1. By per-residue mean of other Cβ atoms within 10 Å, what is the highest-first order of 242-254, 172-184, 102-114, 39-51?
2. Provide the per-residue ³J(HN,Hα) series for region 110-123, in order, calculated from phi with Karplus coefficients 6.51, -1.76, 1.60 and θ = phi - 60°, each as a whole number of Hz, with x at glycine and proline positions.
3. Can you tell me how much longer the chain between Asn237 and Gln119 gets when fully stretched, taken as 0.36 nm per residue apart minus their C-alpha distance, in nm with one decimal?
4. Can you give me the long-range amide H partners of Leu113? Hydrogens built in the peptide plane at 1.01 Å from N, cutoff under 5 Å, separation of 5 or more residues or another chain.
5. What full-extension length gain, to one decimal in nm, is calculated for Ser223 and Lys98 as 0.36 nm per residue of separation minus the Cα-Cα distance?
6. Which length gain, in nm to one decimal place, applies between Val106 and Thr31 when the Cα-Cα distance is subtracted from 0.36 nm times their residue separation?
7. For a distance above 15 Å, tell me the whole-number percent of Cα pairs in region 187-262 that qualify.
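Where a number appears in this text, it was derived from the coordinates with a stated rule and is not lab data. It should be emphasised that the depicted structure is a prediction, and the values quoted were computed from it without experimental measurement. Please note: Cβ atoms are built from the backbone with ideal geometry, for glycine as well, and neighbour counts cover all protein chains shown.
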Amino acid sequence: MINLSIFAMKQFLFWLLAITPLFQVLPAQNTPLQLFFEKHKEAPGFTHAFLSKDLFDVASKQDIRAEDWQGLHHVVQHIGALEILVADSITNGNQLYKEAKSCIPVTDLDELLTVRDGQTNVRIWVKSVEAEITDLVLLVGAPEDFVLICFAGVLQLGNLSELPSLFEAGKTATLAKQAVNASAAFSIAPNPSTGQIQIDLPNEQDLPERLDILDAQGRLVFSQQLDASSHQYINLNAVKPGTYWAQLKTLNGKIGVKQLQIVH
């Protein structure tokens, strides 16, 4: 398990708040990072999750201790979304760390934090405009642990002190697993789509309520109330081409999120 000086990291982050640096703008798509997520998200020992604010709300009501996630919940409310890839019982964590690090677009990001404690490495990269961070990548590697988290949205520099709660792979894995357990199952076809999609739910006891389309920063770009039917046809011609997250909310309060590409 990762054993870092969390107090020292918090002190360093508080120091960063005082200098309020300006950062360069990162391109909208982190293609190498997305390929890394795709490569490892189904691998044994890994847990992968994408959490919108709504899904985080649902997941945090499960068996996660309030004191562990109260501060992070405040961060997610403001940041919009985060994607997690975590493993806490592996043997090649440092190798994965090096592989993931090579996928970070370091020419477009500024490095906010670098910590090495024994065989554990922690790095944070950001892009920012004035006092608002719009993207953040957190990477942790140790012999038996690995954490990769990509934030998107708007994060106030004053909220950075909550991030050390994500340095521990065990806690982050718990969050990701709870998100998976709280998710609603559904499928989208075709994907990529030219604007017309069909949504199918396998559980006819939990029918859909609403479909939201979120951009890469977790911002709402489309929303539609749905009929209480396990088969839905949705017209997305008003949505500009790009990569989005389709978020489905069910009548029982579950939320499912899937990546969707619009190509018209």
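1. Working: 242-254: 18.5, 172-184: 21.4, 102-114: 15.1, 39-51: 16.8.
Answer by packing, highest mean first, reads 172-184, 242-254, 39-51, 102-114.
2. Result, rounded to whole Hz: 9, 7, 8, 8, 9, 9, 10, 10, x, 9, 9, 10, 10, 9.
3. Extra length available between Asn237 and Gln119 comes to 37.5 nm.
4. Here the answer is Ile124, since their amide H atoms fall under 5 Å of that of Leu113.
5. Result for the pair: 41.1 nm of gain on full extension.
6. 25.7 nm
7. On the way: 1398 of 2850 pairs.
Here the tail beyond 15 Å accounts for 49 percent of pairs.
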